[in-house]
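What follows is one structure encoded as structure tokens, with my remarks underneath.
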């Protein structure tokens, strides 16, 4: 067992890997939370291309919507990661499959967590990402840069997590996934003030 495996053991125990096919219909997406296999794992994040119609410039995991060719969430996550950051599927070792999160736009986003070689260098597809970066996972433990902001939703307000990472604002589902991971592996104790598995 590598040091990264040992660190991620609580996550793997809470959310075991599943090869189950996609379930249900509607707007569904799979994302790959790719962590480097080293004592202090780093996470691959991309800055979405500014020409994209949805969420331009925002920070996100590699991933995208379910396609007809995808049998399972892992199929979606791995296919998209190969397209967006040139990460070969065989380079990814599955560690955990987190419960789906629901976005305000009613997308069901399923995070697949995998370990990749520490030497990996993302090569972005400019049609998808302007650039990629790899901050340490421990940077999201909430000791600095984490905040909750209230945002309007359906005549009310919801709490949305944000991380400030240098000049980047990591927020929304991406921030919620990271917060849930560090709560398990670093016992960060971050309170998201909502259940992301249901609509706000």
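Only one entry of 144, 123, 128 meets the criterion of being surrounded by fewer than 14 Cβ atoms within 10 Å (Cβ to Cβ), in contact with a helix residue (DSSP H, G or I) (Cβ under 9 Å, 6 or more places away or on another chain) and farther than 16 Å from residue 176 by Cβ, and that entry is 123. Whenever a residue of the stretch 61-76 is farther than 17 Å from residue 98 by Cα, its partners that are outside any loop (DSSP other than H, G, I, E, B), lying with C-beta atoms within less than 8 angstrom and at least six residues away or across chains, give the pairs 67/76; 67/79; 69/75; 69/79; 70/30; 70/76; 70/79. Among all residues of the stretch 5-13, there is none that is more than 28 Å from residue 105 (Cα to Cα) and part of a loop (DSSP other than H, G, I, E, B).
Among the numbered conditions (1) over 20 Å from residue 11 (Cβ atoms); (2) in a loop (DSSP other than H, G, I, E, B); (3) within 13 Å of the chain's Cα centre (by Cα), the only one that residue 71 does not meet is (3). Every listed requirement among (1) modelled with pLDDT of 95 or more; (2) surrounded by fewer than 16 Cβ atoms within 10 Å (Cβ to Cβ); (3) over 24 Å from residue 136 (Cα atoms); (4) touching a strand residue (DSSP E or B) at 6+ places or on another chain (Cβ under 6 Å) is met by residue 18 save one, (1).
Among the residues of the stretch 150-193, those identified as in contact (Cβ under 8 Å) with a residue 60 or more places away in the chain and outside any strand (DSSP E or B) are 172, 173, 174, 176, 177, 178, 180, 181, 184, 185. Does residue 155 fit the bill of being surrounded by fewer than 21 Cβ atoms within 10 Å (Cβ to Cβ) and touching a strand residue (DSSP E or B) at 6+ places or on another chain (Cβ under 6 Å)? Criteria not met by residue 155.
Does residue 48 satisfy being out of contact with any helix residue (DSSP H, G or I) (no Cβ under 9 Å at 6 or more places or on another chain), modelled with pLDDT under 95 and closer than 19 Å to residue 165 by Cβ?
Working: out of contact with any helix residue (DSSP H, G or I) (no Cβ under 9 Å at 6 or more places or on another chain): yes; modelled with pLDDT under 95: yes; closer than 19 Å to residue 165 by Cβ: yes.
For residue 48, the condition - out of contact with any helix residue (DSSP H, G or I) (no Cβ under 9 Å at 6 or more places or on another chain), modelled with pLDDT under 95 and closer than 19 Å to residue 165 by Cβ - is met.
In the set (1) at pLDDT below 95; (2) in a loop (DSSP other than H, G, I, E, B); (3) under 17 Å from residue 112 (Cβ atoms), residue 64 fails one condition alone, (2).
The values are calculated or read from the model by the stated rules, or taken from the named source; none is laboratory data. Since this is a predicted model, take the numbers as computed values, not measurements. Every residue, glycine as well, gets a Cβ built from its backbone with ideal geometry; the counts of neighbours run over all protein chains shown.
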